[in-house]
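In what follows, a structure is listed as structure tokens, so that the remarks can point back to it.
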Amino acid sequence: MRSVEEHRQVVADLITARPPVTLPVADTLGLVLADDVVAPLSLPGFDNSAMDGYAVLVDDIATATEQTPVRLPVTEDIPAGRTDMLTITAGTAQRIMTGAPLPSGATGVVPVEATDGGIDTVTIRASVRPGQHIRRAGEDVTAGSTVLRAGQVVTPAVLGLAAALGLPELTVIPRQRVLVLSTGTELVAPGTPLQPGQIYESNAVMLAAAVRDAGGEVVASPVTGDDVDAFRETLGMHSGPDGSVDLVVTTGGVSAGAYEVVKDALSGTVEFVKVAMQPGMPQGAGVLDDDANTAIITLPGNPVSALVSFEVFIRPALRAAMGLPNPDRPRRTAVLAEDLTSPRGKRQFRRGVLTEDTVTSYGPPASHHLRWLASANCLLELDEDTAEVAAGQRVQVWDLR
């Protein structure tokens, strides 16, 4: 059987980065910058007031106190957004709002709280230091400086800076476009009355959510029955040769029994293998379209097997292809709270609950027990050479929180 590491590498080699694209700033949240960003202008772009108050020459109010206030005539009113250039003269004050351009010659701003708020004449009850309450041009960003680096994730703060610099677009690594295709004649949509032998479809919903959680874009998440022609038609409908899909993820139809629709439809295109792991042994990987370079990863149909396989193989490769940080889930060791057994020769991923430095196995190991995975916060990893682990030993866990 193929090892977990070998299959991880196969999947990682298939899921590759798309070329950088230039998008409107508002559409880049959560993506990774492909280029450095150089500031086209300085921030602030001009000297401006940090306070609502009065622009003054500090020498004129050097003696101002509560007991000996200084009174000055107010010669101008400067709201934020005023564009004409003003000059202040000795012995006067100009009322100014936060962010408004500082008049030429002013050497300080007196906060309105230290005055009587006068409009024609102002009484000033405190002095200020030279430069106090003034934001100088370029003190935040200097034009020509590199303010953002390639590889940086676009956050709300990054968007704010880009907008403040007047940048309408950013060049980023685009999201991976993923088609999730669930198979099984027994599957019906939620809300439909169940007939004997039918179950509600859950894998497409679950894996589409996992793709989005990893940072990818879900193009579609259809469901098809165990009919080869219908499967091929659905696959072709959503993943044509136009490059609209980078990755196809299927679930179900890859085991050794009859009616294995994915195996039957993609034999020769996908390499179907057994991976030495539990759950998730039957796997497949290949290239669906040589021209469009569309990767296809086929996962088993049991829900826990599907999601654990996604975590082990697809999630890290997806995030790496998009340049996102921390493609792998955080790994750590924790003290096992109970005795466990594991099938020798296979790497076992058990659901677990991690509390501080202790981990407890959560629920049965079988691949259809989805309830336990829904409430787990980690995967407990037992390697291929481990058959028994005693309580109190340290084991490796994947932190899903």
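Give the whole-number value, in cubic angstrom per residue, of the convex hull volume spanned by the C-alpha atoms of the range 331-399.
Expressed per residue, the convex hull around the Cα atoms of the range 331-399 is 72 Å³.
Round to a whole angstrom and tell me the spacing of the C-alpha centers of the range 329-361 and the range 167-192.
Distance between centres, Cα-based: 31 Å.
Under 5 Å between amide hydrogens, which residues at least 5 positions from Glu76 or on another chain qualify, with H placed 1.01 Å from N in the peptide plane?
Arg95
Per residue, how many Å² of accessible area does the range 331-399 show with a 1.4 Å probe?
Heavy-atom SASA per residue in the range 331-399 reads 49 Å².
What ranking, highest mean first, results for peptides 341-353, 318-330 when packing means the other Cβ atoms within 10 Å averaged over each residue? It would help to have the intermediate numbers written out before the result.
On the way: 341-353: 19.5, 318-330: 17.5.
Those peptides, ordered most packed to least, come out 341-353, 318-330.
Would you mind getting me the FRET efficiency between Thr341 and Thr16? Use the beta-carbon distance for r and R0 = 35 Å, nearest 0.05.
Numbers: r = 39 Å, r/R0 = 1.12.
Calculated transfer efficiency: 0.35.
Which of the listed residues, Pro365, Ser342, Ala391, is farthest toward the dipole's positive end in the range 331-399, when Lys, Arg count +1 and Asp, Glu count -1 at the beta-carbon?
Pro365
Which of Ile296, Pro168, Ser3 sits farthest toward the positive end of the charge dipole of the chain, with +1 on the Cβ of Lys and Arg and -1 on the Cβ of Asp and Glu?
Of the options given, the answer is Ser3.
How far apart, in nm, are the 7 Å Cα→Cβ label points at Asp383 and Met85?
7.2
If you wrap a convex hull around the Cα atoms of the chain, how much volume per residue is inside, in Å³?
Roughly 217 Å³ of hull volume per residue.
Assuming 0.36 nm per residue, please report the length gained on full extension of the stretch Ala391 to Thr185 beyond their Cα-Cα distance.
So the extension gain works out to 69.9 nm.
How large is the helix-only mean residue ellipticity at 222 nm for the chain, computed as the sum of -39500 (n - 2.57) over DSSP H runs with n ≥ 4, divided by its residue count, in deg cm²/dmol to the nearest 500? Don't skip to the answer; put the middle values down first.
Values: 8 runs with 68 residues, N = 401.
The helix contribution divided over the chain gives -4500 deg cm²/dmol.
Provide the FRET efficiency to the nearest 0.05 for the Val205-Tyr259 pair, computing r from the beta carbons and using R0 = 25 Å.
Efficiency, rounded to the nearest 0.05: 0.65.
Measuring with a 1.4 Å probe in the full set of protein chains, what accessible area per residue, in whole Å², belongs to the range 48-135? Don't jump to the answer; show the numbers that get you there.
On the way: 4260 Å² over 88 residues.
For the range 48-135, the per-residue accessible area is 48 Å².
Quick check: residue separation of Thr98 and Thr123 times 0.36 nm, minus the Cα distance between them. What number comes out in nm?
Stretched out fully, the Thr98 to Thr123 stretch lengthens by 7.0 nm.
Using a basic spin-label model with each label point 7 Å from the Cα along Cα→Cβ, how many nm lie between Leu167 and Glu6?
For Leu167 paired with Glu6, the spin-label model returns 4.5 nm.
As I understand it, the value is the acute angle between the Cα axis of helix 228-238 and the longest principal axis of the Cα atoms of the chain; what does it come to in degrees, rounded to 10?
So the helix axis and the longest Cα principal axis differ by about 10 degrees.
So between Ser244 and Thr358, what do we pick up on full extension, going 0.36 nm a residue minus the alpha carbon distance?
Extra length available between Ser244 and Thr358 comes to 36.5 nm.
Label the range 215-338 by shape, choosing from rounded, prolate and oblate, from the square roots a ≥ b ≥ c of the eigenvalues of the Cα gyration tensor; if a/c is under 1.5 it is rounded, and otherwise prolate applies when a/b is larger than b/c, oblate when it is not.
oblate
Keeping the other protein chains in place, figure out the carbon and sulfur percent of the accessible area of the chain, with a 1.4 Å probe.
The C+S portion of the solvent-accessible surface of the chain is 51 percent.
The values are calculated or read from the model by the stated rules, or taken from the named source; none is laboratory data. Predicted, not measured: the structure shown is a model, and the values here were computed from it. Methodologically, a virtual Cβ is constructed for each residue, glycine included, from the backbone with ideal geometry; neighbour enumeration extends over all protein chains shown. What goes into the accessible areas is simple: the full protein's heavy atoms, side chains included, and nothing from ligands, DNA or RNA. Shrake-Rupley method; radii C 1.70, N 1.55, O 1.52, S 1.80 Å.
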